[in-house]
């Protein structure tokens, strides 16, 4: 996981997590890119380029008018990033970690 975190940009991590949250929505990659671009006020070309990189890395599938999806590796990685974020928020609020001994 550390290697993936080191290789992916913060935007790519964000896009992967957003894709995980919206998986099964029926959106195409372009539809996902448009939604994220509009909501986050990012250039559409930037979002599409980074989603294409995630697809090239084998983390996300879709294209050619098909709904996007995550590969098993993409789901596992996105879930890991989501868990890390929840743990970070808990620490910021002074809550102990669930697996702390």
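The table below lists the values:
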item: Residue 37 paired with residue 80, simple spin-label distance in nm, labels 7 Å along Cα-to-beta-carbon; result: 3.0 nm
item: Compactness relative to 2.2 N^0.38 Å, alpha carbon Rg of the range 2-92; result: 1.04
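We did not get these values from a lab; they are worked out from the coordinates using the rules stated. This structure is a prediction, so every number in the text was calculated from the model and none was measured. A quick note on method: Cβ atoms are made from the backbone with ideal geometry, for glycine too, and the neighbour counts reach across all protein chains shown.
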